[in-house]
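What follows is a short report on a single structure.
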Amino acid sequence: MKKISLKSLPLVLSALCGCTPEFDFGSIDFEPQIVVEGWIENGGVANVCLTQALTMDMDTAGTSISDIAIRWAKVTVSDGQTEEVLTGRVDKNYMPPFIYRGSRIKGETGKTYRLKVEYSGRVLTASTTIPPVTPIEKLTVSKCTDSDTLYQIELKFHDDPLQQNYYKIFTQVIPEDTRFYPAFMGTFADNVLEDNTGSVRANRAMRHSHIGKYTPFFSLNDTVNVKLTQLPEEGFEFWSGHENEIINGKNPIFPSSTNLSTNIQGGKGIWCGYGKVIRRVTIADSIR
């Protein structure tokens, strides 16, 4: 798929844990850029995380992850009728633990939302549209073939055959996860579906705390929220590329060395609308 930035720390931290090729950064004229990770869902407010990009060879001694967050930007979101300046706040559910969040504008499917970031004399802009909601028709839980203690979740939904659609799955294990996280390998286009009734697996999210002990499966008595979203093409290009880099970052034959695609004018990252639906399932010992 497409592109990642080795310099976009908050979005690719997990992708940098594998073998890293050697680069001569001293020969590169690097200008620090603002990295955006922003989203708005139907029924939800706008959320934007901002960080400063760093080079791989920059001396970060004494610099913590929280120091990379940009805390004094002016972040504005507009739906074409109403404009809102987002409020920056500490939020330990994210890393770095700082986020800009709206309160008045609520996402609606079919609407376009424009983002504007002003910081240190720079202006970044982007726009996104929230796609329609695709309902989850059924969640099915089954034991893994080679384990009596691990379970997998499959979700079924109906894909509209008259248009090209893009999907992203998020999961949240209660009470371990305080928010939704992207399901591992959960970004896909409808051309991978065998028919109009999609049937895909919802994997456990790969969090930084899972490195070295990660499994895509779930355990007995886990209560899992599954979120199926439709996203626009630019969001699909970004997140499918990000997933590829997480996998390739662990492979010495295919190291991470390119940039992620972006829809941010004047910076890097993604501003994305999601049409979401959420279902919950509890894994019980009666499941076969």
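The numbers here are math on the coordinates, done by the rules we state, and not lab data. Treat the numbers as computed from the prediction; the structure is a model and nothing was measured. No Cβ is skipped: glycine too gets one built from the backbone with ideal geometry, and neighbour counts run over all protein chains shown.
Structure notes:
- Extended-chain gain in nm, criterion 0.36 nm per residue less alpha-carbon gap, residue 145 and residue 278: 45.2 nm
- Prolate/oblate/rounded label for the stretch 90-206 (Cα gyration tensor, a/c 1.5): oblate
- Cβ crowding within 10 Å averaged over residues, with 88-95, 123-130, 140-147, 32-39 ranked highest first: 32-39, 123-130, 88-95, 140-147
- Annotation: amide H-H contacts under 5 Å for residue 198 (H modelled 1.01 Å from N, sequence separation of 5 or more, or interchain): 157, 158, 159.
- Proximity of backbone amide H atoms, modeled 1.01 Å from N, is registered between residue 44 and 107 at under 5 Å, excluding neighbours fewer than 5 places apart on the same chain.
- Modelled spin-label separation between residue 137 and residue 104, with each label point placed 7 Å from Cα along the Cα-to-Cβ direction: 4.2 nm.
- Point-to-point label distance, residue 78-residue 265, nm (Cα→Cβ direction, 7 Å offset): 1.1
- Computed from phi, the 3J(HN,Hα) profile of the stretch 128-141 under the Karplus parametrisation 6.51, -1.76, 1.60 (θ = phi - 60°) reads 8, 10, 8, x, x, 7, 10, x, 7, 7, 6, 10, 10, 10 Hz, with x in place of Gly and Pro.
- With R₀ fixed at 22 Å, the C-beta to C-beta distance from residue 114 to residue 179 puts the FRET efficiency at about 0.30.
- Model label sites at residue 45 and residue 154, defined 7 Å from Cα along the beta-carbon direction, differ in position by 4.0 nm.
- Taking every C-alpha pair closer than 8 Å and separated by at least 6 residues, the mean separation divided by the residue count of the stretch 80-167 gives a relative contact order of 17 percent.
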